Structure formats: structure tokens, C-alpha cells
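Q: Mind looking over this structure? Questions follow.
The values are calculated or read from the model by the stated rules, or taken from the named source; none is laboratory data. Remember, it's a predicted structure, so these values are computed and weren't measured experimentally. Cβ placement follows ideal geometry from the backbone for every residue including glycine, while neighbour counts extend to all protein chains displayed.
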Amino acid sequence: MKFSTICVKQPKDHLTTKPHQLPIYASSSFVFDKIEDGIEIFTGDKKGHVYSRYGNPTIDAVGQKLAELESFGLEGEYFGLMTSSGMSAISTVLSSLLRPGAKLITQGNLYGGTTELIKKVYGNAGTESYFVDLSDLNLLENYLKKHPEISVIYFETPSNPTLDCLDIQGICALAKTYDCVTVVDNTFCTPYLQKPLSFGVDYVIHSTTKYLSGHGNSIAGVIVGKEENRNGVWQYLKLNGTNCNPFDAWLVNNGLKTLALRMDKHSSNAMSLARYLSQKPEVSKVNYNGLETHPFHEVAKKQMCQFGGMLSFEMKEGKEAAIKFMNQLKLSTLAPTLGDVDTLILHPVTSSHLNVPKEMCLANGITDGLIRVSVGIEDFEDLKNDFESGFAI
Ligand SMILES: *Cc1c(COP(=O)(O)O)cnc(C)c1O
């Protein structure tokens, strides 16, 4: 064999060694031993990989692990398809569900990007959507009765950034009666704290970018649902090219190993911080559904096993006070994400909700003085001291 051919050819691999850790399969395609094998894999008669946009051993392994976590304790088979981001998980599942003339119903206080996606992308493509208060089940039922074209109920609980909770079981019961499909964004809770499938939800999506990955170094998403619905979703993933990449899937797997430990600490720190903030005279309101005084405490208790790491609070003196507070923090970082191991703070009206109309923000409690906190897993004393410095004059 000549020099240039050796350059091109695949190095001898070591299929006899078994890695302890899931390897990153950085290969766009997969070879067949015989043409007959290829045909069987292409036709779906045999399991195997063809091309990484269709599926890849690293991505599929992590997707399946996420499905196992979401469906923990449930009968039946579930799929987990990883996507290039949380947004692509949402757009992939919605594209697969929305038929011409179909309508969607959702809440006003969604993740900002999701509101924009539904309004701009799906709105421009002719899908009409209703944004209503889904915590009012009578209101939801009225809409479903009046608009039989509604075929998808899309929601988040707890919602961003005011942590309102929706009754998953109640919504799913109405969905069944009115022949709708339900999709839930479970990013804030992770399956460790809340398992929407167990309450009758059809599809769960995540931005794995947040708690599931947990270390702020990957962007990806996942769609989980019943095995019988895999193909319907997968067609859209494959054809729109919204697949995850092996490296990000691998990072998510690393994060998942400590998910339970992290969520315990995120939750206990957030509970302590919420109690601390509730005592501060500068704070007019604390949104944390672990507080007995929170209007959604009972709903949260019914469907979450702990209350998670997200909270928000309102500075009595409004926007100026909020900005001053945030600039005075040293340990907590100003960053527009959540779910990392360190504490992150955000001012929704000037960042995540900048493109959401003011009336819609106000109707959902997103005021100028509102600060959102993604509480990290630091030692609580250090965290409290940092917040104390935020209140210093
Ligand atoms: C971040 C986030 C998304 C979008 O996820 P990306 O990974 O940024 O695309 C969707 N929903 C919620 C609740 C989020 O926090």
C-alpha cells in the first residue's frame, strides 16, 4: 500500500477493547459488512446505524437513558430522541404534530423563545395559537369546546420566570376528553423532580442545556414519548436535520451522572434562599413554590417531589433597585441561562423577555423589578453573604 492510501484509510480500530465510558462516535456514516445488511437496516428490519443525522450510537445511547429516566416507574416502552437544542426539540415535536388548519393552545408565560417560535414561525406558517391562563381549567375547557380545531396543548410547569405551576393531571384529563395531544417542557424540573408522563402527558421535551447537562458547556435537547410515536417524530428530526451531535450528547451523559445529587442541593439551597429573601424589607415578593405562601404550593406539592432550583423575586423599588442589586453581587454571575452548578441571575425584562410585549409580561407577573435566580450548589453561607452584599446601600 502506498503512502497516500495509508493517509486516507481508516486506522485499525480496537473492537476487542471495551471502553468503560461511553465513547464519542465521531462518524458521519456507518459501514455495512454486506449489502444485504445495509438494506435491512435501511428498511428498518434490523437495528443499526446508517448516517449520524438519522441516528448515532452515542446520541441514541444518551437519548435512551433520558427516556428511561422520564419513564421511570412506568410500564411500556418509550423513545428518547436528542436534538440540537431545546428549541429544536420543541420545533421538531410541534412540526410533527401540527397539521394544516390545526390550532394550538398554550400559556402566556412560556420560555421567551418558545413564545416567539409559536407566534412568529408557526404563526407565519398559518397555525393559529391561543395564549391563555392554563391554571384555570374551566377557561381551558371553554376554549377546547369552542375551538374543536385545537389539537395540541403545549405547556411548562413551573413556568419561567414566576414559577407558576399548572395541574398536569387536570390538563391531561381535558386533553383526553377533547382529543388533544399534550406536550410539556420539563426543563425546570428534570425527571428527578417531576415525571409528566406519569400524569398522562404524551410528549416531554427538555432543553438538556440546563440541569440535565448541568455544567453550562453544551447545547442540546430531547424529546421523550411512547415508542409507538417514535417514527412520527423521528421523520421530522431526520428531514429537518435537528439532530444532536455526539459530543454534546456525551457531555449530557457526564452531567446526568450527578443529576440526583445536584438537584437535591439546588432544591435545598433555593428553599433556604427563598426563606432568606422573604425576610428582606427591600423585597416585595418571592416566587418559589416551596414556600407555603406561594399560590401554587399545593399544585407543586402534588406533582413535584422537591421544588427545584429556580426562584424569582421582586425588588420593591423597581428596575433601578434590581439593576443596582445585581451589579453588587460578586459570587453570583449575570448570565442568560440556568441550571448550571453555580448561581446565575437574570433580569427578565431586559434579557430573556425583551421581545415579549410589555402587556404580556405584566399580565404574567414579569415586572421591571423582577430578578430571576438559578440557585447553584455552592455552600449556602457564601451564597447568602453574596445576596447580603447585593442589598448593601
Ligand atoms: C433554555 C430553555 C429552552 C430552550 O432551550 P435551548 O437549549 O436554549 O434551545 C426551552 N425551554 C426552557 C424552559 C428553557 O429554559
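Q: How about the range 107-126: which of its residues are buried (at least 19 other Cβ atoms within 10 Å of the Cβ) and of a type in the set (S, T, N, Q)?
A: Result: 107, 109, 114, 115.
Q: If I filter the range 151-164 for residues that are farther than 30 Å from residue 373 by Cβ and modelled with pLDDT of 95 or more, do I get at least one hit?
A: Quick first cut of the range 151-164, residues farther than 30 Å from residue 373 by Cβ only: 151-152.
The next check asks that each one be modelled with pLDDT of 95 or more; those that pass are 151-152.
Yes.
Q: From the list 177, 182, exactly one residue is surrounded by fewer than 24 Cβ atoms within 10 Å (Cβ to Cβ), among the hydroxyl-bearing types (Ser, Thr, Tyr) and in contact with a Cys (Cβ under 8 Å, 6 or more places away or on another chain). Which is it? Explain how you work it out, then say what you get.
A: On the way: 177 fails: in contact with a Cys (Cβ under 8 Å, 6 or more places away or on another chain).
None of the others qualify; the one that does is 182.
Q: Of all residues in the range 55-86 being under 14 Å from residue 237 (Cβ atoms) and among the hydroxyl-bearing types (Ser, Thr, Tyr), which is surrounded by the most Cβ atoms within 10 Å (Cβ to Cβ)?
A: For the range 55-86, the residue satisfying everything is 83.
Q: Here is a list of conditions, (1) loosely packed, with under 13 Cβ neighbours inside 10 Å; (2) modelled with pLDDT of 95 or more, and residue 16 meets all of them except one; can you say which number that is?
A: (2)
Q: Can you spot a residue in the range 213-220 that is over 16 Å from residue 59 (Cα atoms), in contact (Cβ under 8 Å) with a residue 12 or more places away in the chain, crowded, with 23+ Cβ neighbours inside 10 Å and not acidic (Asp, Glu)? Don't jump to the end; show me each part of the working.
A: We begin by selecting, within the range 213-220, every residue over 16 Å from residue 59 (Cα atoms); these are 214-217.
Still in the list and also in contact (Cβ under 8 Å) with a residue 12 or more places away in the chain: 214-217.
Restricting the remaining residues to those that are crowded, with 23+ Cβ neighbours inside 10 Å gives 214.
Next, only the ones that are not acidic (Asp, Glu) stay: 214.
Among the residues of the range 213-220, at least one is over 16 Å from residue 59 (Cα atoms), in contact (Cβ under 8 Å) with a residue 12 or more places away in the chain, crowded, with 23+ Cβ neighbours inside 10 Å and not acidic (Asp, Glu), which makes the answer yes.
Q: Determine if the range 22-45 includes at least one residue that is surrounded by 10 or more Cβ atoms within 10 Å (Cβ to Cβ), touching an Asp or Glu at 6+ places or on another chain (Cβ under 9 Å) and of a type in the set (A, V, I, L, M).
A: yes
Q: Pick from 96, 135: which is away from the ligand (no atom under 16 Å from the Cβ), in contact with a Leu (Cβ under 6 Å, 6 or more places away or on another chain) and at negative phi?
A: Numbers: 96 fails: in contact with a Leu (Cβ under 6 Å, 6 or more places away or on another chain).
Among 96, 135, only 135 is away from the ligand (no atom under 16 Å from the Cβ), in contact with a Leu (Cβ under 6 Å, 6 or more places away or on another chain) and at negative phi.
Q: When the residues of the range 235-271 are filtered to those that are assigned to a helix (DSSP H, G or I) and among the polar types (S, T, N, Q), which remaining residue is farthest from residue 373 (Cα to Cα)?
A: Applying the first criterion (assigned to a helix (DSSP H, G or I)) to the range 235-271 yields 235-240, 246-256, 259-271.
Next cut, among the polar types (S, T, N, Q) only: 235, 240, 253-254, 267-269.
On the way: 235: 37, 240: 34, 253: 25, 254: 24, 267: 12, 268: 14, 269: 11 Å.
Filtering the range 235-271 for residues that are assigned to a helix (DSSP H, G or I) and among the polar types (S, T, N, Q), the one farthest from residue 373 (Cα to Cα) comes out as 235.
Q: So which residues in the range 252-304 are among the small types (Gly, Ala, Ser) and more than 17 Å from residue 160 (Cα to Cα), if there are any at all?
A: Residues of the range 252-304 among the small types (Gly, Ala, Ser): 255, 260, 267-268, 270, 272, 274, 278, 284, 290, 300.
If the condition is that a residue be among the small types (Gly, Ala, Ser) and more than 17 Å from residue 160 (Cα to Cα), then 255, 260, 268, 272, 278, 284 are the ones that fit.
Q: Take the residues in the range 363-393 that are farther than 15 Å from residue 333 by Cα and among the polar types (S, T, N, Q); name whichever of them is surrounded by the fewest Cβ atoms within 10 Å (Cβ to Cβ).
A: 367
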